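Each remark here refers to the structure printed beneath this line.
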Amino acid sequence: MRNIFLTSCLASLASFSLAAAQDIPVAGVTFGQAEAEASAHIRNACQAVTRIDVADTRFPAASDTEVHLRCSGLTLANGASGGDAIFTFADDQLMLVDARGEANNFRPGPDPAFQIEGFDIYMPDQLVVHTAANRVSLFATFPGAPLALHWDNPAWTQDAITAPSGPFFLAPEIVFGTDRSAMTEILEESCELALGRPIETVWLATAPAEQFQIDCYGYEMAGYPRKFEFIFGDDTLQQVWLMFDTGDIPRIRAFLTAEYGAPIHVDEQYEIFDDYRLALRKDIPEIRYVSDEIAAIWAAEN
């Protein structure tokens, strides 16, 4: 597992959420395109293309449809070899491109915005190069970052794919009230990449004297690597954010409703479950998990 705890890269990595993806270096192909439009350009750029349609999708960005176009012998817009690539469409929009074999030919320049644990990150291109694996990924939106960093798309080796599944429960070892040193040891086993930083402005409902955050990438939940944000107040775990994608919202709502019953509060931003311990956030796709102490504060306020 790749595990580090740093502060210097956090601001840069957080900029994933602010940047708009740049053009894909394949002639005529851009993020957000429908398959019918993009596929004609992809087929022109590839020696061979295999289409893989995943039934009953659980892909984070897809509510209804998931399609992968696996390309052999890709030629980039500048005439260079692109190796082999997979173009992933979620709900008929191109969301992710993963290419292998000629990663250096995708680099937009010699100097990435930053380097971390073997990954070269180019911003605002939203392009990730894993030099050792000779792999490059481009992603359309921030929730695609954990997939670009740590997902091994089964479409590389399979023509028929069964969508992964699993619950949206926190693992039993994640216990609110756990001290930060003990939680760090747990995350060293669960996260592919972990970045820690002190939070200067304290905002937790418990009003601790100090607040600290660990951002965890590659933590698997419901079949895909995710990003988690672990929030500590006075060195104890008090809140966790799970970052997911828009296609997950109806699945998470169904899961939470089946587990806890109807939400106890609904507004444009949140749906609240389990006596305020859980919240489905909809404007930014997230689940908020909190300690009993924070849940009691919010329950009293509402």
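Figures for the structure shown
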{"quantity": "Mean separation of Cα contacts under 8 Å (6+ apart) over length of the chain, as relative contact order %", "calculated": "16 percent"}
{"quantity": "Over the chain: helical MRE at 222 nm, DSSP H runs n ≥ 4 each giving -39500 (n - 2.57), nearest 500", "calculated": "-5500 deg cm²/dmol"}
{"quantity": "Nitroxide proxy distance, nm - points 7 Å out along Cα→Cβ at residue 253 and residue 274", "calculated": "2.0 nm"}
{"quantity": "Compactness of the chain, expressed as Rg and Dmax over alpha-carbon positions, Å", "calculated": "20.1, 63"}
{"quantity": "Rounded to whole Hz, the Karplus (6.51, -1.76, 1.60) HN-Hα couplings of segment 274-282, x for glycine and proline", "calculated": "6, 6, 6, 6, 10, 9, 8, 9, 10"}
{"quantity": "Relative contact order [Cα under 8 Å, 6+ residues apart], segment 72-182, whole percent", "calculated": "17 percent"}
{"quantity": "Modelled FRET efficiency - R0 30 Å, residue 44 with residue 104, Cβ distances, 0.05 increments", "calculated": "0.85"}
{"quantity": "Distance between modelled label sites at residue 302 and residue 201, nm, 7 Å Cα→Cβ extension", "calculated": "2.3 nm"}
{"quantity": "Candidates per GluC sites (Glu not before Pro) in segment 197-302, loop by DSSP, up to 10 other Cβ within 10 Å", "calculated": "200, 268"}
{"quantity": "Label-point separation in nm, residue 158 to residue 185, each point 7 Å along Cα→Cβ", "calculated": "3.6 nm"}
{"quantity": "Exposure proxy order (Cβ contacts within 10 Å, fewest to most) of 221, 183", "calculated": "221, 183"}
{"quantity": "Loop-located chymotrypsin sites (Phe, Trp or Tyr not before Pro) in segment 101-199 whose Cβ has at most 13 other Cβ within 10 Å (DSSP)", "calculated": "169"}
{"quantity": "Efficiency of FRET between residue 80 and residue 284 - r from beta-carbon atoms, R0 35 angstrom, step 0.05", "calculated": "0.40"}
{"quantity": "Dipole magnitude of segment 15-156, debye to nearest 20 (Cβ charges: Lys/Arg +1, Asp/Glu -1, about Cα centre)", "calculated": "300 debye"}
{"quantity": "Residue order, fewest to most beta carbons within 10 Å, for 67, 136", "calculated": "67, 136"}
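Laboratory data are not the source of any read-out in this text; all were calculated from the coordinates shown. Computed from a predicted structure; not experimentally measured. As a convention, Cβ positions derive from the backbone with ideal geometry for all residues, glycine included, and neighbour counts pool all protein chains shown.
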